[in-house]
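See below for the structure under consideration.
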Amino acid sequence: MTTCLLEPPFRCLPPFQPFSPPRFRCYAAPGAQPLPSDPDTETLVLPLDGPKERREIVRLAWEKLVRWSRSLQSRAKTDVLERTNKVVVLGGGSFGTAIAAHVATRKSLLEVNMLVRDPQVCRSINEEHHNCKYFPQHELPKNVIATTDAKAALLGADFCFHAVPVQFSSSFLEEIANYVDPGLPFISLSKGLELNTLRTMSQIIPKALKNPRQPYVVLSGPSFALELMNKLPTALVVASKDQKIANSVQQLMASKNLRINTSRCIEKCVGNCSWHCGRTKSW
C-alpha cells in the first residue's frame, strides 16, 4: 500500500505511522456479519436503524480518537522530563541561577548542577540554598547543587545551559572542552557579540569545543531573571536548526507560568527571536 501526494511533482511514498490510531468494527444490527477480525480493532455493537444511530457511532468513534490523541500528546510532553536525570548550568549569574531554579522545580529527583567560579557563591548555594550575590532573598530548590569542578558538573549531564557572558565564553569553553560530551545539547543563554571578532555564540561554542557538530540551542527572551524567580507568567523562545532538540528543550522547561516557543532562526535570536521571526511554535 502506498500514499500518493497530490502535489507536483506527483510521487508515491510508503505510509509512515509511528503510532496507529484505534480502529473499530461495527455490527450493523444484531446478527449481522462484522468485518474480518483484527486484534487491534475495537467493536461497537450498535443498531443501524436510522441516521440517529449512525451519528451515535461516529460520535463514539470520534471521542475515542480524541482520548487517544490527548493521551499521546501528554506522553510526549513528559517523556523528555522523565528521561532527564541531570542538567548542568554553566555560570552562577542572575539568569543562570533563575534557569537552574526553574528547571529544578520541574522534577524533584532531577539533579541540577551549577558550575560557578566563586567559592563563596558555591558555599551559599549548597549550605544556605541562596545565591548570595544575585538572589539572596530567594530560596533555591534543594536539588540545585553548586560546584567549582567542571568535570564533576558535566559528568553524565543530559542538557547543558551556558550562562557565561559572551566576552569570556571562548576561553572558558576551551578550558572545559575535554569534559564535554560530543552529543551534549548546549543551550546558550548568553546574548550579544564577541567584541574583537563579532562572533555570535553559535560560532563561539563549536569552535571553542572543537566540535562543529555539537548540538546547539539558543534560549532568548522576552523575559527577566526576576520574573522566573518570582514565578510570574513569562515567555521564552527556543531556537535550533534541529527541531527535535528544540522540542526536547521546550518539553523540559515549559510549565504553567513559563511559555516556551520554538523557532529555527538561530542567528536572529541574539535579541528577542519572537520579535524577529514569526515562524514560532508554542507549547
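The values are calculated or read from the model by the stated rules, or taken from the named source; none is laboratory data. Worth saying up front: this structure is predicted, and the values here are computed from it rather than measured. Don't worry about glycine lacking a Cβ; one is built from the backbone with ideal geometry, like all the others, and counts go over all protein chains shown. Calculation scope for accessible area: heavy atoms of the full protein, side chains included, ligands and nucleic acids excluded. Shrake-Rupley method; radii C 1.70, N 1.55, O 1.52, S 1.80 Å.
Some notes on this structure:
- Residue match in region 81-101 (condition: over 23 Å from L236 (Cβ atoms) and of a type in the set (D, E)): no
- Criterion: more than 17 Å from V89 (Cβ to Cβ) and at pLDDT below 90 - qualifying residue of N257, N272: N272
- Residues located in region 34-85, provided they are open to solvent by less than 80 Å² (accessible area, probe 1.4 Å), at pLDDT below 70 and either closer than 30 Å to L109 by Cα or among the polar types (S, T, N, Q) (or both): T41, T43, S71, L72, S74, A76, T78
- Answer from S124, S190 - the residue that is of a type in the set (S, T, Y), surrounded by 14 or more Cβ atoms within 10 Å (Cβ to Cβ) and assigned to a loop (DSSP other than H, G, I, E, B): S190
- Among the residues making up region 199-252, a single one is of a type in the set (V, I, T), open to solvent by 10 Å² or more (accessible area, probe 1.4 Å) and in a helix (DSSP H, G or I): I245.
- Count of region 96-116 residues, restricted to those that are assigned to a helix (DSSP H, G or I), farther than 21 Å from P165 by Cβ and among the hydroxyl-bearing types (S, T, Y), is 1.
- Where a residue in region 135-146 is without any contact (Cβ under 8 Å) to a residue 40 or more places away in the chain and its partner, wherever it lies, is in a loop (DSSP other than H, G, I, E, B) and surrounded by fewer than 17 Cβ atoms within 10 Å (Cβ to Cβ), with Cβ under 8 Å and at least six apart: E139/H129; K142/H129; N143/S108; N143/L109
- Residue under evaluation R279, criteria (1) at pLDDT 90 or above; (2) assigned to a loop (DSSP other than H, G, I, E, B); (3) over 30 Å from H138 (Cβ atoms), criterion not met: (1)
- Search result, residues across region 172-197 that are more than 25 Å from Q250 (Cβ to Cβ), of a type outside the set (F, W, Y) and touching a residue at least 12 places away in the same chain (Cβ under 8 Å): E174, E175, I176, A177, L193, E194, L195
- Selection within region 151-174 - in contact with a Leu (Cβ under 8 Å, 6 or more places away or on another chain) and farther than 19 Å from P215 by Cα: Q167
- Selection within region 131-186 - in contact with a helix residue (DSSP H, G or I) (Cβ under 7 Å, 6 or more places away or on another chain), of a type in the set (A, V, I, L, M, F, W, C) and open to solvent by 30 Å² or more (accessible area, probe 1.4 Å): C132, I145
- For region 94-112, the tally of residues that are under 24 Å from S190 (Cα atoms) and out of contact with any helix residue (DSSP H, G or I) (no Cβ under 8 Å at 6 or more places or on another chain) stands at 5.
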